[in-house]
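**Student:** Here's a structure for you.
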Amino acid sequence: MDGDGEPESVGQPEEVSPEGQQEEAGAQEASAGEERPEEEEEEEEEEEEAAAAAAAAEAAAYLAELPEPLLLRVLAELPAAQLVQACRLVCLRWKELVDGAPLWLLKCQQEGLVPEGGAEDERDHWQQFYFLSKRRRNLLRNPCGEEDLEGWCDVEHGGDGWRVEDLPGDCGVEFIHDESVKKYFASSFEWCRKAQVVDLQAEGYWEELLDTTQPAIVAKDWYSGRGDAGCLYELTVKLLSEHEDVLAEFSSGQVAVPPDSDDGGWRQISHTFTDYGPGVRFVRFEHGGQDSVYWKGWFGARVTNSSVWVEP
């Protein structure tokens, strides 16, 4: 009580007007309305996932019932990377099909890598044959001088150095073996040499393939002299380890090309490395030439269309 004997005022709950009640109810309804779409979206996502899982299960069951020849044709339509990285993980049956020869023989036939009707027992590893065939290409860059000396290393410019010339050149002959070849490298009166080093792993050949399968590695080169001057030519190819140790080597030695020789024109030299053992990671290709009359200018050996291949 206060001094006048009146009771102290005690806080009473405020009465809410009808308008306030309507606003509060509206706010609650709006809040509930905001929550419903999220719940509905979650339900829709769950339903879609369930439907997708059911469809996948149905498709898997359908494929599981397919006869093997038909399933092989279905799998053969898929990219090779998907077969190896995904399909072989689906189930034991698919793994056996992906690892087996018939699927890869079929892919080779479909993509024109072997003729239709090729016998399965002609080759043990059709999967390796497929991947090697798809990668098959000349691993040397700028083999004909279209980009001057771009791509070549350890270039030695003896005499007047290397020069790129247009075919057939002075006292030369056309290159009839490949119409796309338009140029060649001409050497001078002292030894001119140049090289390329091919990183096999960077080119897509993996360690297990190189160490176990040891596919054939083929080096080829074309050389020629002039009709008015003799010359010398030389080719050296080395298979190198990761640390550039020499694991296998081929050398032609110095080949003398006399002027106006009976077999004049362009000559090919080739060497195939097989059973070279594990550890090969690089191929070093080096060739060179000079003239044998010591004339100023470019009277030495001519080279073009050099190549390094990994054969299936």
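The values are calculated or read from the model by the stated rules, or taken from the named source; none is laboratory data. Keep in mind it's a predicted model, so treat the numbers as computed, not measured. Calculation scope for accessible area: heavy atoms of the full protein, side chains included, ligands and nucleic acids excluded. Shrake-Rupley method; radii C 1.70, N 1.55, O 1.52, S 1.80 Å.
**Student:** So if each residue of separation counts as 0.36 nm, and I subtract the Cα-Cα distance between L66 and A216, what length gain in nm does that give? Working shown, then result.
**Tutor:** Values: separation 150, 0.36 × 150 = 54.00 nm, distance 3.87 nm.
Stretched out fully, the L66 to A216 stretch lengthens by 50.1 nm.
**Student:** How are the alpha carbon pair distances in segment 153-310 distributed across 10 Å bins from zero to the largest one, expressed in percent?
**Tutor:** Bin by bin from 0 Å, the calculated values are 11, 38, 29, 17, 5, 0.
**Student:** Cα convex hull of segment 270-312: how many Å³ per residue? List each step's numbers first, then the result.
**Tutor:** On the way: hull volume 5.0 nm³, N = 43.
Per-residue hull volume (Cα only) is 115 Å³.
**Student:** A further question on this structure: With every protein chain present, what is the per residue accessible area of segment 153-310 (1.4 Å probe, Å²)?
**Tutor:** On the way: 7100 Å² over 158 residues.
About 45 Å² of surface per residue is accessible.
**Student:** Could you name the lysines in cross-link range of K134, using Cα to Cα under 25 Å and dropping any fewer than eight places away on the same chain?
**Tutor:** K95, K107, K220, K238
**Student:** Another question, then. Take every Cα pair under 8 Å in segment 153-310 that's 6+ residues apart, average their separations, divide by the length, and report that relative contact order as a whole percent.
**Tutor:** It rounds to 36 percent for segment 153-310.
**Student:** Please say if segment 129-200 is rounded, prolate or oblate, where rounded means a/c under 1.5 for a ≥ b ≥ c the square roots of the C-alpha gyration tensor eigenvalues, and otherwise the choice is prolate for a/b larger than b/c and oblate otherwise? Walk me through the intermediate numbers first.
**Tutor:** On the way: a/c = 3.15, a/b = 1.43, b/c = 2.20.
Note, shape of segment 129-200 comes out oblate.
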